[in-house]
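Worksheet: one structure, shown below.
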Amino acid sequence: MQSIIGPNQHFIVLAFIMGAATLGIWVEHKKWLGKISGILVTMISMSLLAMIGLVPVGSGTDVSVPVYDMVFEYFIPISIPLLLLSSNIIKIIKESGKLLVAFIVGAIGVVIGCFIAFYIIDLGEDAGNTAGVIAATLVGGSINFIATGEVLNFSTNPYFSATIAVDNFVANLYILFLFLVPALGFLKLFFAPTNTENSKQETKIDSETKSSITMERIALVILIAIALAAAGKFIAPYLQTALNTPLNLSILIITILSLIMANIFPKKLQILENTSFSIGLWMMYVFLAVIGASTNLQEVLKVGPPLLLFYMIIMVFHFLFLLLSAKLLRLNMYEVIISSAANIMGPSVAAPMAASLGQKKMVTPSILVGILGYVIGTFIGVSIALALA
């Protein structure tokens with residue numbers, strides 16, 4: 001079916017993509033709509049527009065849509081350095097304390113749970129790649145989900161879009177469960193006593209970290225991101241030939257180069273964190289809008305139930321593994337809850353959760369371990385996909 005807006009009406013197509021991304025960001029930041037995932041709103045809105053034939057469908061046809069191709073080609077390689085400029089690994093290790101231990105245990109639980117789910121639930125011939133992107137997002141976040149999908153050449157697969165939808169649904173239910181944990185008295189048997197100082201100590205807000213966004217900083221972070229993306233794109237073909245692999249290594253190389261830079265110049269890059277992360281996150285939403293336009297909703301509904309069960313197995317195992325480890329490693333209840341939130345939903349959920357639970361001392365460490373998830377998530381996801389291929 002031909003869409004009302006043709007694939008060569010570039011500016012109109014681009015306006016709808018930007019509109020969907022803006023709607024998702026707006027929803028995410030409105031208190032009365034805060035329970036709805038902005039990512040899901042962005043994707044579903046573009047999916048519906050493509051389904052009713054208003055905008056071109058991004059997959060399953062022989063027609064190329066240049067605007068979609070542009071977003072696929074440029075936005076992810078540029079957004080990854082922008083999102084990782086604050087990934088100071090030394091700072092994460094020094095300041096996170098036991099929360100780092102709990103986070104690593106939770107990540108191990110996700111990985112083991114992913115293997116268990118893989119052998120219980122049949123997700124078809126691309127099950128290994130699906131398991132990889134699920135592990136990536138549950139260890140890190142949406143950044144890793146998309147990056148892993150790109151590395152595995154998986155971003156146009158029906159399971160890719162379906163997984164995003166299921167991920168948002170299950171993750172939100174899981175976070176609600178975590179808020180209920182303090183009320184479940186029988187679970188306290190597994191936890192070490194809680195340190196009351198955590199609730200009394202105010203979190204120091206680094207004025208440099210909270211730096212305002214300026215034109216100079218916008219120009220600088222975009223230059224850095226494009227330079228790192230260019231270096232990764234230049235190196236990748238040579239490495240792919242040397243390793244004789246079909247994987248898109250450019251994303252992994254860009255990730256590694258971004259991490260190297262973030263850890264060589266942590267103080268210089270600190271004042272750019274707000275600017276780089278804001279732009280990178282916006283670019284991620286635009287990319288997800290294009291993924292939405294590539295989504296066949298009928299396929300999503302068809303493959304959804306097995307994915308839902310796959311997720312449930314991983315999350316149940318993840319929590320039980322953390323619970324048993326808490327007894328052995330003497331982790332308190334809040335360390336388990338907040339680290340688990342950092343695993344499943346990332347720092348954007350873990351930090352407010354720490355504050356709302358009265359654990360103000362854990363706010364900054366929860367952000368740091370969440371950023372560590374961004375660092376390791378893609379590598380873990382790709383490794384699992386290769387192991388299960």
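The values are calculated or read from the model by the stated rules, or taken from the named source; none is laboratory data. Because the structure is a prediction, the values reported are computed rather than measured. Positions of Cβ are backbone-derived with ideal geometry, glycine not excepted, and every protein chain shown enters the neighbour counts. Heavy atoms of the whole protein, side chains included, go into the accessibility calculation; ligands, DNA and RNA do not. Shrake-Rupley method; radii C 1.70, N 1.55, O 1.52, S 1.80 Å.
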Which one of Ser211, Ser199, Ser250 is at pLDDT below 90, open to solvent by 40 Å² or more (accessible area, probe 1.4 Å) and out of contact with any strand residue (DSSP E or B) (no Cβ under 7 Å at 6 or more places or on another chain)?
Ser199
Consider only pairs whose beta carbons are under 6 Å apart and that are at least six residues apart or on different chains; among these, list those whose first residue lies in the range 47-68 and is farther than 12 Å from Ile17 by Cβ and open to solvent by 10 Å² or more (accessible area, probe 1.4 Å) and whose second residue is in a helix (DSSP H, G or I) and at pLDDT 85 or above.
Val57/Ala50
Within the range 1-30, which residues are assigned to a loop (DSSP other than H, G, I, E, B), exposed (fewer than 14 other Cβ atoms within 10 Å of the Cβ) and free of Cβ contacts under 8 Å to residues at least 24 places away in the same chain?
Lys30
Which numbered condition Tyr74 fails, given (1) open to solvent by 10 Å² or more (accessible area, probe 1.4 Å); (2) touching an Asp or Glu at 6+ places or on another chain (Cβ under 7 Å); (3) not in a loop (DSSP other than H, G, I, E, B):
(2)
Just to be sure I understand the filter: pairs with C-beta atoms under 6 Å, separated by 6 or more residues or on different chains, first member in the range 294-311 and at pLDDT below 70, second member surrounded by fewer than 16 Cβ atoms within 10 Å (Cβ to Cβ). Which pairs pass?
none
Anything in the range 260-283 that is touching a residue at least 24 places away in the same chain (Cβ under 8 Å), open to solvent by 20 Å² or more (accessible area, probe 1.4 Å) and either closer than 19 Å to Lys91 by Cβ or acidic (Asp, Glu) (or both)? List them, or say none.
Met261, Asn263, Pro266, Gln270, Ile271, Glu273, Asn274, Phe277
Across the range 324-340, the tally of residues that are open to solvent by 10 Å² or more (accessible area, probe 1.4 Å) and aliphatic (A, V, I, L, M) stands at 4
Looking only at helices (runs of 4 or more DSSP H) that fall completely inside the range 108-188, which ones have 3 or more residues that are without any contact (Cβ under 8 Å) to a residue 60 or more places away in the chain, open to solvent by 10 Å² or more (accessible area, probe 1.4 Å) and out of contact with any Phe, Trp or Tyr (no Cβ under 6 Å at 6 or more places or on another chain)?
158-180
